[in-house]
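K.L.:
Structure below; questions to follow.
The values are calculated or read from the model by the stated rules, or taken from the named source; none is laboratory data. This is a predicted model, so every value here is computed, not measured. When we count neighbours, we look across all protein chains shown, and the Cβ atoms used for this are built from the backbone with ideal geometry, even at glycine.
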């Protein structure tokens, strides 16, 4: 059982972070409930329409975490945080909001399952840690569930990118061919394919970083 604590002596920054992490916990919990309701009960809307606004609001709110790291409100690396946040924002804004095919793919469901469970655990642990009330079980989940959920989420993102680039290519969406008045070439399908290829050099280091964090937090420090 977690020890009792309060935030009477918390700084303004701490109170802000507690509020931010608490709201994100509630937001992702609501999204997970929407996901479960969609699959367990009758529904008239698509999965995307069911969770659309929850996903857009709470995922894009994570952009603030890059600012948190840059301002040293948290100990996280701004670069690593930016990469992790950017990949999801791109999926939400550049894939799901921009194309339709990924919304009905298994990749979308995989993303929602992995993202929501991960974020509920992560944000709740951060909020409780700020008042010294995070139970060990929650910390263990934070640094253990990623072993399975991270690959599931990455797989889902790649599926979404694949179906998006296919739709974009078939319909020539968001692309400019020569000649045109702007004298400018842009092929969005190539951008999406390039983003898929970026997972090859980026995913292994990020996954390894999580294992390193797990050893530090759960494994304890080695005695000198």
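K.L.:
Taking residue 130 as the residue in question, decide whether it is under 12 Å from the mean Cα position of the chain (by Cα) and more than 23 Å from residue 204 (Cβ to Cβ).
P.N.:
For residue 130, the condition - under 12 Å from the mean Cα position of the chain (by Cα) and more than 23 Å from residue 204 (Cβ to Cβ) - is not met.
K.L.:
On the given criteria, is residue 59 in a helix (DSSP H, G or I) and modelled with pLDDT of 95 or more?
P.N.:
It is true that residue 59 is in a helix (DSSP H, G or I) and modelled with pLDDT of 95 or more.
K.L.:
Would you tally the residues in segment 162-181 being more than 17 Å from residue 94 (Cβ to Cβ) and either touching a strand residue (DSSP E or B) at 6+ places or on another chain (Cβ under 7 Å) or assigned to a helix (DSSP H, G or I) (or both)?
P.N.:
Within segment 162-181, residues that are more than 17 Å from residue 94 (Cβ to Cβ) and either touching a strand residue (DSSP E or B) at 6+ places or on another chain (Cβ under 7 Å) or assigned to a helix (DSSP H, G or I) (or both) number 1.
Listed here are the residues, each with its yes/no results for (1) closer than 19 Å to residue 122 by Cα; (2) in contact (Cβ under 8 Å) with a residue 40 or more places away in the chain.
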| site | (1), (2) |
| --- | --- |
| 10 | no, yes |
| 18 | yes, yes |
| 27 | yes, no |
| 42 | no, no |
| 68 | yes, yes |
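K.L.:
May I pose another question? Restricting attention to segment 182-208, which residues are part of a helix (DSSP H, G or I) and out of contact with any helix residue (DSSP H, G or I) (no Cβ under 8 Å at 6 or more places or on another chain)?
P.N.:
Selection gives 190, 191, 194, 197, 198, 200, 201, 204, 205, 208.
K.L.:
Can I ask one more? Take the conditions under 30 Å from residue 10 (Cβ atoms), under 17 Å from the mean Cα position of the chain (by Cα) and assigned to a loop (DSSP other than H, G, I, E, B) and apply them to residue 144. Does it pass?
P.N.:
Criteria met by residue 144.
Rundown of residues vs (1) modelled with pLDDT of 95 or more; (2) more than 26 Å from residue 103 (Cβ to Cβ); (3) touching a helix residue (DSSP H, G or I) at 6+ places or on another chain (Cβ under 7 Å), yes/no style:
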| residue | (1), (2), (3) |
| --- | --- |
| 8 | no, yes, no |
| 36 | yes, no, no |
| 43 | no, no, yes |
| 67 | yes, yes, no |
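K.L.:
Is it true that residue 168 is crowded, with 20+ Cβ neighbours inside 10 Å and in contact (Cβ under 8 Å) with a residue 12 or more places away in the chain?
P.N.:
Against the criterion (crowded, with 20+ Cβ neighbours inside 10 Å and in contact (Cβ under 8 Å) with a residue 12 or more places away in the chain), residue 168 qualifies.
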